[in-house]
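To start, the structure under review is shown below, and the notes come after it.
The values are calculated or read from the model by the stated rules, or taken from the named source; none is laboratory data. All of these numbers come straight from a predicted model, not from anything done at the bench. When we count neighbours, we look across all protein chains shown, and the Cβ atoms used for this are built from the backbone with ideal geometry, even at glycine.
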């Protein structure tokens, strides 16, 4: 997505968005609006980079490597979402929500007018409405199971079920015991990952499955059971107590 954003179109859109924000009552009076817009134009129109012994000036796309790149890409297409996609297709999107993480879009399609998405004119209109500027999107056919980032989302009966997704090629290179890191670092990693599994997995058995895999992967990195098992027990007990809270 980054490299296909039309620079001049994005400058126009983001400036338009900033101008709209500036009319809001809560917009800070001392916000340097003109300076921000000029800085954005300068950065995006003057991105120089070196490849081998050649120097380049980027004339299309996002100034990669700058701290503004992610914000630039998110706001640019976000304007299209807010102004066109959501108003037009809110009735067909579950809870009127469409989620995007940079260049991955996810939504639950619920068209009450059509029995199947294959014959749904709203779906066809939605797909044809995705292009914006020079951006074109690849769309997967709707399915009752999909991977979105680190999550598998499934429709089972009338329920939405989620499960942790882990890439097959993941090497799970957790901190080995030979590292000079504090043992508390390993303890913190174990707790945070188990907490993620607890939040991500609808089924308790999946939370247990991924927690045990985490334990085995730590042993594979050279940790001794007597050293890391107490961390797992403490994390599990803490998470169990958290789940009992209202």
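Here are a few things to note about the model shown:
- When the residues of segment 187-246 are filtered to those that are in a helix (DSSP H, G or I) and in contact with a strand residue (DSSP E or B) (Cβ under 8 Å, 6 or more places away or on another chain), the one that is surrounded by the fewest Cβ atoms within 10 Å (Cβ to Cβ) is 196.
- Taken over segment 120-150, the criterion of being part of a strand (DSSP E or B) and either closer than 30 Å to residue 8 by Cβ or in contact with a helix residue (DSSP H, G or I) (Cβ under 6 Å, 6 or more places away or on another chain) (or both) is satisfied by 132, 135.
Per-residue answers, yes or no, for (1) assigned to a helix (DSSP H, G or I); (2) under 25 Å from the mean Cα position of the chain (by Cα); (3) not assigned by TED's automatic domain parsing to the domain that holds residue 141:
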{"site": "9", "(1), (2), (3)": "yes, yes, yes"}
{"site": "15", "(1), (2), (3)": "yes, yes, yes"}
{"site": "18", "(1), (2), (3)": "yes, yes, yes"}
{"site": "24", "(1), (2), (3)": "no, no, yes"}
{"site": "27", "(1), (2), (3)": "no, no, yes"}
{"site": "61", "(1), (2), (3)": "no, yes, yes"}
{"site": "90", "(1), (2), (3)": "yes, yes, no"}
{"site": "100", "(1), (2), (3)": "no, yes, no"}
{"site": "112", "(1), (2), (3)": "no, no, no"}
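- Of the residues making up segment 162-182, not a single one is outside the structural domain of residue 9 (by TED's automatic domain parsing), farther than 30 Å from residue 107 by Cα and either in contact (Cβ under 8 Å) with a residue 60 or more places away in the chain or in a helix (DSSP H, G or I) (or both).
- Residue count for segment 79-99, restricted to those that are within 19 Å of residue 1 (Cα to Cα), touching a strand residue (DSSP E or B) at 6+ places or on another chain (Cβ under 9 Å) and either surrounded by 15 or more Cβ atoms within 10 Å (Cβ to Cβ) or free of Cβ contacts under 8 Å to residues at least 12 places away in the same chain (or both): 5
- Residue within segment 130-153 that is more than 29 Å from residue 82 (Cβ to Cβ), without any contact (Cβ under 8 Å) to a residue 12 or more places away in the chain, exposed (fewer than 10 other Cβ atoms within 10 Å of the Cβ) and not assigned by TED's automatic domain parsing to the domain that holds residue 203 present: no
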